[in-house]
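What follows is a single structure, written as structure tokens, with notes after it.
The values are calculated or read from the model by the stated rules, or taken from the named source; none is laboratory data. All values reported here derive from a predicted model rather than from experimental measurement. Please note: Cβ atoms are built from the backbone with ideal geometry, for glycine as well, and neighbour counts cover all protein chains shown.
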Amino acid sequence: MREAFDRPTLRLLDRKWAPFVLAVFRSAFSRDRRNVSADRLHTQVDAYLADLRSVGVDVPKASGRALCVQWMNDQWLYREAGEGDDEKYTLTSHTLEALVLVESLSRDRALISESRLTTIVDTVRQRATQASPDREERVRRLDLQIAQMTGERDRLASGGEIAAASNAQMHEGYANLIDLIGQLPSDFKRVEESVAGMHRQIVNDFRGEERPISEVLDEYLAKTDTLMSSTAEGRAFEGAFALLRDDDLLAELKNDLETILLHPFALELTASERRGFMATVSLIRKGIDDVLTQRNGLTTTLREHIVNHDVVKDRELERLLRDINKELATWMETAGPRSVVTAPLLPATVDIEHLREKFYDPNQHTPPPPLDDVSQHAPEPPSLDEMRRQGGPQLGEMRDALTGALGARRGASIGDAFNELDATMRRPVEILGLLQIATQVDAIARSDTAGTGDGVARSDALERFETIRPDGTRRDFVVPRIILNDDERAAMRALNYGADDE
């Protein structure tokens, strides 16, 4: 009894958080969703924990990731590598058994029913016929079955009444079938886990090099035959595999399932129950595919090991590592916690002809030499006046100079006034300042109206500006001719001296 309670199935049902754990497994996994991405399951468990805490339910205080790792250590979850770097969780056979047990206890059904007793009687009769070594007894049993079936056929063919099954009888038979079908996933999972365990054992045997490869292969074949014949899971697998090889039998199974659901009792079933019942064949297919995938992986491992295995090199490396482990074990018997072993970084002699990689050379990682101090050769920094000459237009000084240059002269343009200014005020950039000043007093807007009779030239008239750069070079620019009237001159003076200045 103690061994039974030490099994992962009963340990799961005996834990404090068993209702929460089983609810998570039932919500995250289903018949159609057999594996879940590791990151997704961690997030789902965190969401379940937060929802239950919000309504005041006592739940574990660990995170979803920590709980999944704990469940994996308890053999309730199995983590396997998926495509790329993606890892997926699947339920173990122990968890599937616990879910089936809890579901059967929560479902209303009769423990003793006509369907269950009929199944038992038929199975016992069939096994007794197969077990009897008496030829005459077997013939008598077969004749009895033939006579019963022939009598029933003749009765129906002559117009006899067909006794339809009642809803209660169909419910009993349906419950019996659901119990049998519900055990299939855990049966297939146990076969899959047995093959995976065999895979790990054979890989360890190959790496151990303690037995010849031929002996390991013989043991693998013997275990395969035993797995498929000596266990209930193996027999279930062989029976399902034989079923899938018989297309007529498979089609008949599908038709029988459909016929059962055509009975009026099926109207009392939910849509999910009908879908699950009709998915029995898909369930068998999926279980067989998973087992075959595991067995193909084992076969691939054997083939690659036989083809690529270098016995001599592997034995030399294994012998060396084994000797090192022995020496370490001997040394640890007397060594303290802070003891060290002095070992050379390289062996005394290296018997090789070529090295694929270079050794570390410190000279290749030396920093560059320091830079020379050449600050004494730096040119003198420019003065403030030199920097101003390289800057933009001087608007204030230009308005003063332009006001003085125009004075009371009638008909003089700003170009005439500009050409009479000092050389320091005739930089090319000052032309932009003049145009900005003319814009501020609306002289350009008036010029564009092409007025006549007031001494103002048309806007299409041009004049030449003679500029002098700070380095003394000269450059002429052609700019539209602008003549300021009295109002515009007064407005320009007001910008510098205020509106009250005369």
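Just a few scattered comments:
- Filter result for GLY84 (modelled with pLDDT under 80 and assigned by TED's automatic domain parsing to the domain that holds VAL45): yes
- The residues of segment 133-163 that are among the small types (Gly, Ala, Ser) and either surrounded by 10 or more Cβ atoms within 10 Å (Cβ to Cβ) or in a helix (DSSP H, G or I) (or both), listed by number, are ALA147, GLY151, ALA157, GLY160.
- Restricting segment 14-30 to residues that are of a type outside the set (Gly, Ala, Ser) and buried (at least 16 other Cβ atoms within 10 Å of the Cβ) leaves a set whose member that is nearest to the chain's Cα centre (by Cα) is PHE29.
- Total residues in segment 49-96 satisfying the condition of being over 20 Å from the mean Cα position of the chain (by Cα), more than 25 Å from LYS286 (Cα to Cα) and surrounded by fewer than 18 Cβ atoms within 10 Å (Cβ to Cβ): the figure is 16.
- Looking only at segment 326-352, and only at residues there that are loosely packed, with under 10 Cβ neighbours inside 10 Å and polar (S, T, N, Q), the one that is modelled with the lowest pLDDT: THR349
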